[in-house]
Amino acid sequence: MSKRKQTSRKRRWGIIGGLVAAFVVVAGLLFYPTNCYAEVPGSAESLKPYVTVEGKKDTEKGAYMLTTVGVVGPASPALLLWAKMQPYSEIMSKQELMGDDDSKSYAFLQEQYIKSAANNAVQAAFKAAGKPARMRHLGIYVMSLVKGSPFKDKLEVGDTITALDGKRYTTANQYIKEIQSRKIGSSLTLTFTRKGKVHTATAKLMKLPGTNKAGIGIELTEHTTISTTPKVKIDAGQIGGPSAGLMFAVQVYTELTNQHFRHGQKIAGTGTIDGDGNVGQIGGIDKKVYMANKEGAKVFFAPDQPATKQIRKLDPGYENNYAVAKRTAKQIKTKMKIVPVKTLKDALDYLRTH
């Protein structure tokens with residue numbers, strides 16, 4: 001074989017090899033999963049399609065809007081690069097986002113949170129309207145178990161705890177207070193249901209991380225059902241988490257009472273809610289303010305829960321949602337009004353007077 005042919009063949013193989021190497025690199029950038037996730041601005045959506053009150057219809061112009069955070073991952077290097085270019089994006093590890101949960105458990109957690117938020121929102125809205133709502137507490141859902149939980153091999157995600165040492169309670173807070181009133185290392189028997197069958201499990205209480213209080217080492221939410229007249233249905237589709245609670249309640253109240261407050265405007269907001277209408281802190285509010293402004297909202301309700309010594313002790317980096325929302329609004333130079341709310345009543349009072 002001539003030297004010219006050998007050189008030509010080597011050159012061809014060199015080109016092919018280079019193309020293969022380039023393909024591998026590009027494929028890795030596009031498809032190779034890292035252990036990281038990206039939180040980015042999600043959406044700001046009208047609540048009209050999600051909330052149905054029997055015999056009622058929201059025909060007023062404008063909309064009350066829920067706001068979301070988008071979670072992308074496990075992200076490839078290229079996707080992480082894209083995420084870093086998005087406004088108010090955050091990159092975090094799977095552990096930071098999900099704790100000890102896997103993706104399936106995390107999705108289940110978000111699904112149960114929004115169901116609980118919807119029931120609380122209905123109860124709060126009916127209470128604000130002076131109408132009865134019957135909330136039935138079935139127990140507390142086991143959403144996840146932390147590493148070191150004494151019940152790690154005894155409970156499963158999806159179990160419903162119905163009693164402590166044989167005694168039933170009517171709210172998740174009552175269960176938590178009763179557990180935390182006990183001594184670390186003391187024995188506790190849980191009664192719980194799994195797939196329709198009743199079980200019990202006994203273990204010694206652990207010390208909750210960062211506190212001197214006893215605990216069982218689970219993340220939980222209330223397992224409830226609610227009955228009302230008229231009937232209310234809230235179906236948020238693929239949206240999860242507890243943060244739409246406040247805006248669910250505002251939408252239900254509006255339809256229930258036929259009161260028209262929007263004056264054709266888009267009004268957004270966020271915040272957890274309990275059955276009494278108390279509004280709580282949420283995550284990613286900067287992303288939600290950004291999206292609400294982008295979608296044309298004129299008002300944004302933000303939870304106003306200033307830091308206390310107890311909060312600072314548990315979370316040294318704690319920032320009040322309202323303060324962050326105000327700062328974000330200033331950064332994006334929006335004319336959207338940021339309204340602080342501690343309760344559903346605060347939001348409704350603002351709507352009545354503006």
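The values are calculated or read from the model by the stated rules, or taken from the named source; none is laboratory data. This one's a predicted model, so the numbers in the text were calculated from it and none came from an experiment. Cβ coordinates were reconstructed from backbone atoms using ideal geometry, including for glycine residues, and neighbour counts include every protein chain displayed. With ligands, DNA and RNA removed, areas are computed over all heavy atoms of the protein, side chains included. Shrake-Rupley method; radii C 1.70, N 1.55, O 1.52, S 1.80 Å.
If you compute volume of the Cα convex hull per residue in Å³ for the structure shown, which of (i) 143; (ii) 213; (iii) 128 do you land on? Correct label is (ii). When restricted to Cα atoms, segment 123-270 yields an Rg and a Dmax of 18.8, 58 Å, respectively.
Here the Karplus curve 6.51 cos²θ - 1.76 cosθ + 1.60, taken at θ = phi - 60°, turns the phi angles of segment 198-214 into couplings of 8, 9, 10, 8, 10, 7, 8, 5, 9, 8, 5, x, x, 9, 10, 9, 7 Hz, with x standing for Gly and Pro. Can you tell me the 0 to 90 degree angle between the C-alpha axis of helix 344-353 and the longest principal axis of the chain, rounded to 10? It is inclined by approximately 90 degrees. If you line up the long axis of helix 321-331 against the longest principal axis of the chain, both from Cα atoms, how many degrees apart are they, to the nearest 10? Rounded to the nearest ten degrees, it is 50. Of all DSSP beta bridges confined to the chain, the antiparallel ones make up roughly 80%.
Going through segment 140-227, which trypsin sites (Lys or Arg not before Pro) have at most 10 other Cβ atoms within 10 Å and a DSSP loop state?
Working: sites: 147, 152, 154, 167, 168, 177, 182, 183, 194, 195, 197, 204, 207, 213; in loops: 147, 152, 154, 168, 182, 183, 195, 213.
Sparse-neighbourhood loop trypsin sites (Lys or Arg not before Pro): 147, 183, 195.
One decimal place: the segment residue 335-residue 180 gains 51.3 nm when fully extended, by the rule 0.36 nm per residue minus the C-alpha distance. Note on segment 200-317: Rg/Rh from C-alpha atoms, Kirkwood Rh, equals 1.04. Here the label points at residue 235 and residue 136, each 7 Å from Cα along the C-beta direction, are separated by 2.1 nm in the simple model.
Between helix 285-294 and the chain there is an angle of about 80 degrees, using the helix long axis and the longest principal axis of the Cα atoms.
In order along segment 52-66, the phi-based Karplus estimate (6.51 cos²θ - 1.76 cosθ + 1.60, θ = phi - 60°) of 3J(HN,Hα) comes to 10, 10, 3, x, 10, 8, 8, 10, 5, 5, x, 6, 8, 10, 8 Hz; Gly and Pro are listed as x.
Residues whose amide H lies under 5 Å from that of residue 339, counting only those 5 or more places away or on a different chain, are 300, 301, 302; hydrogens are built 1.01 Å from N in the peptide plane. Charged neighbours of residue 47, selected by a Cβ distance under 10 Å, balance to -2 (K, R count +1; D, E count -1).
In this structure the amide hydrogen of residue 218, modeled in the peptide plane, comes within under 5 Å of the amide hydrogens of 146, none closer than 5 places in sequence on its chain. Potential lengthening of the chain between residue 225 and residue 312 amounts to 27.9 nm, from the contour at 0.36 nm per residue minus the alpha-carbon distance.
Surface exposure of segment 220-354, expressed per residue as accessible area with a 1.4 Å probe, stands at 47 Å². Largest GNM mean-square fluctuation among 224, 272, 67, using the chain with Cα springs under 10 Å: 224. Normalised by the number of residues in the chain, the mean separation of alpha-carbon contacts (under 8 Å, six or more apart) gives a relative contact order of 21 percent.
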